[in-house]
Amino acid sequence: MTILKIVNLSRTYMKGQVEIPALKDVSFDVEDGEFVSIVGRSGSGKSTLLNLVGGLDTPTAGRIIFRDRDLAGMKRSGLALHRRKSVGMVFQSFNLVAHRSALENVVLALTFGGVPRQSRKPLASDLLAQVGLTQRLNHRPAELSGGEAQRVAIARALANSPEMLLLDEPTGNLDSSTAKEIIDLVQGLNRDRGLTALMVTHEQDTAEAVSDRVIRLLDGSIAEDSGRRVAG
Ligand code: ADP
Ligand code: MG
């Protein structure tokens with residue numbers, strides 16, 4: 001089944017009187033269980049695209065059909081629900097709440113997702129264990145290594161059982177061996193649980209190694225789409 005259908009999507013930013021076309025007439029579909037990587041140089045529109053799919057921004061034109069709902073026509077409340085329930089987002093800079101512990105960061109996401117109070121802490125510990133973090137649960141982000149912080153961010157992204165993971169350069173702030181661990185973790189979530197993943201990376205090699213398909217953006221347009229790899 002198709003989980004995401006992007007149709008003639010454009011996003012133009014205004015900088016004073018100047019129009020900046022960050023995304024221009026982009027169309028592609030993502031199937032359930034696919035691992036799609038988005039590559040392209042800095043400024044090519046990768047984050048713009050991911051933020052639109054994540055419901056953090058609204059397009060200038062086009063449609064973003066997630067399951068059977070078009071995010072482009074949604075009100076704020078609909079987009080908030082989409083962010084809480086349908087997608088889990090992971091960013092280069094982790095974006096954890098600085099004054100909360102690892103455990104509390106995940107608990108917070110469960111709270112927003114409407115999980116009953118008494119279930120939150122056990123569920124948060126379980127999610128952190130699933131991403132390989134069984135210690136340092138009571139440490140704050142500043143007391144964690146980059147790899148540990150990104151594991152917390154991934155546990156938080158998984159908190160409300162999203163249908164799709166959206167990752168914006170998740171290894172951009174990590175050394176290469178830690179980056180590999182994080183990529184392996186994401187690949188495991190995709191392969192073992194069939195969790196659909198859309199990942200922005202500037203590393204073409206990583207993209208080709210781990211994903212079913214690589215889409216390359218150039219100046220806001222799709223320059224290349226490797227298509228689906230034949231199964232088996
Ligand atoms: P990438 O993630 O590929 O580096 P972005 O999607 O962040 O690229 O940016 C694409 C283009 O849109 C760039 O020219 C960038 O400067 C511009 N842009 C991104 N966000 C904004 C914004 N909020 N306001 C104005 N211009 C923006
Ligand atoms: Mg970016």
message = If I fit a long axis through the Cα atoms of helix 146-158 and take the longest principal axis of the Cα atoms of the chain, what angle between them do I get, 0 to 90°, rounded to 10?
response = 80
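Once you list every other residue whose beta carbon is under 12 Å from the beta carbon of Gly172, what net charge do they have if Lys and Arg are +1 and Asp and Glu are -1?
Numbers: positive: Lys46; negative: Asp168, Glu169, Asp175, Glu203.
Summing Lys and Arg as +1 and Asp and Glu as -1 gives -3.
Got a number for carbon plus sulfur as a percent of the chain's accessible area, 1.4 Å probe?
47
Among DSSP bridges having both ends in the chain, what percentage is antiparallel? Round to the nearest 5.
On the way: 21 of 39 bridges.
Around 55 percent of the beta bridges assigned by DSSP in the chain are antiparallel ones.
Give, in nm to one decimal, the length gained when the segment between Asp225 and Arg100 is fully stretched (0.36 nm per residue of separation minus the Cα-Cα distance). Intermediate values should be presented prior to the final figure.
Numbers: separation 125, 0.36 × 125 = 45.00 nm, distance 4.04 nm.
Result: 41.0 nm gained on full extension.
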note = Counting only backbone N atoms under 18 Å from a point 7 Å out along Cα-to-Cβ of Ser93, the residues of region 44-69 in range are 44-52, 56-57
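Which of rounded, prolate or oblate describes region 79-174 when judged by the alpha-carbon gyration tensor and an a/c cut-off of 1.5?
Oblate, since a/c reaches 1.5 and b/c is not below a/b.
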ask   = When Lys and Arg each count +1 and Asp and Glu each count -1, what net charge do the other residues less than 9 Å away from Ile3, Cβ to Cβ, add up to?
value = -3
remark   = Here, trypsin sites (Lys or Arg not before Pro) of region 22-108 satisfying both criteria (DSSP loop; at most 16 other Cβ within 10 Å) are Arg41, Arg67, Lys75, Arg100
note = Charge dipole of the chain built from unit charges on the beta carbon (Lys, Arg +1; Asp, Glu -1), centred at mean Cα; most positive-end Cα among Leu158, Val26, Asn105 is Asn105
request  = Using the Cα centre as the reference, give the magnitude of the dipole from point charges on the C-beta atoms of the chain (Lys, Arg: +1; Asp, Glu: -1; all else neutral), rounded to the nearest 20 debye.
outcome  = 960
ask   = Is there a pair in Lys15/Lys46; Lys24/Lys180; Lys85/Lys121; Lys46/Lys180 whose C-alpha atoms are over 25 Å apart, and which pairs would that be?
value = Lys24/Lys180
Global form of region 165-222, assessed from the alpha-carbon gyration tensor, a/c cut-off 1.5 = oblate
key: 13 Å reach of a label modelled at Phe112, 7 Å along Cα-to-Cβ, counting backbone N of region 70-100   = 79-91, 95-98
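The values are calculated or read from the model by the stated rules, or taken from the named source; none is laboratory data. Values in this document were obtained by computation on a predicted structure and should not be read as measured data. For neighbour counting, all protein chains shown are included, and Cβ atoms are generated from backbone atoms with ideal geometry for every residue, glycine included. Please note that ligands, DNA and RNA were not included when accessible areas were found on the heavy atoms of the full protein model with its side chains. Shrake-Rupley method; radii C 1.70, N 1.55, O 1.52, S 1.80 Å.
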